[in-house]
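To keep things clear, I will list the structure first and then write my remarks on it.
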Amino acid sequence: MALRSIINLPYSRLRLVSKPVTILDHQVLKLFDDMLETMYDAPGIGLAAIQLGIDARMVTLDLSKRDDSPPQPLFLANPEIVWSSEERSSFEEGCLSIPDFYEEVERPAKVLVRWQDRQGAVQEMEAEGLLATALQHEIDHLNGVLFIDHISRLKRERVIRKFTKMAKRDVPRDSGRG
Ligand code: GNR
Ligand code: NI
């Protein structure tokens, strides 16, 4: 396994719509392992491949870290929300690609998610609470959507401006445009 670097706002690759994973070959499984290691190292509870700059519909998740239980990694290829509740719930969200910025986001309280596991078998899970929020946050990433897209325009523009300024002072790599 290997650590890979996480790309931050305003890097425009984060806005790409990721492509379905077709063959779960060695390279894809290796990427899953690298994603999990990078997520644990960050640390975070979820990670989408696009946060490593790779536009494949792949997500890792592990919420167990929070309560000192043994690790319970989830590997999701091509995850999709097949049902979401009318009921909403609000969580304070953060994103490894937008460090040190947190804001309340309202989303469906419960979701039914379908995906393929590491063996390519189709799995389904109904989730609520933080898991439901994290799944929606990660599936958003696969569609080029960030949690700041769900907050007020004023707050969103403010945080984008801040990260754009920081990137200019920092190592130049991407204009954030295009
Ligand atoms: O580590 C993370 N924590 C988190 C907290 C509340 C809602 C969503 C998340 S996901 C985030 C990691 C991340 O950026 N995944 O894309
Ligand atoms: Ni995120």
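Annotations for the structure displayed:
- Among the residues listed as 92, 80, 86, the single one being within 18 Å of residue 143 (Cα to Cα) and outside any helix (DSSP H, G or I): 80
- Every residue from segment 2-23 that is closer than 18 Å to residue 77 by Cβ and either of a type in the set (Asp, Glu) or in contact with a helix residue (DSSP H, G or I) (Cβ under 7 Å, 6 or more places away or on another chain) (or both): 4, 16, 18, 21
- Qualifying residue in segment 28-44 (condition: over 12 Å from the mean Cα position of the chain (by Cα), away from ligand 2 (no atom under 14 Å from the Cβ), under 19 Å from residue 122 (Cα atoms) and not aromatic (Phe, Trp, Tyr)): yes
- Of the residues making up segment 102-125, just one is in contact (Cβ under 8 Å) with a residue 60 or more places away in the chain and under 17 Å from the mean Cα position of the chain (by Cα), namely 116.
- Residue 133, sole failed condition from (1) of a type outside the set (D, E, K, R); (2) closer than 13 Å to residue 98 by Cβ; (3) under 11 Å from the mean Cα position of the chain (by Cα): (2)
- Any hit, segment 36-47, residues being surrounded by 19 or more Cβ atoms within 10 Å (Cβ to Cβ), in a helix (DSSP H, G or I) and not β-branched (Val, Ile, Thr): yes
- Pick from segment 142-178, criterion surrounded by 11 or more Cβ atoms within 10 Å (Cβ to Cβ) and acidic (Asp, Glu), ranking: modelled with the lowest pLDDT: 174
The values are calculated or read from the model by the stated rules, or taken from the named source; none is laboratory data. Keep in mind that what you see is a predicted model, and the values were worked out from it rather than measured. Reconstructed Cβ throughout: ideal geometry from the backbone, glycine too, with neighbour counts over all protein chains shown.
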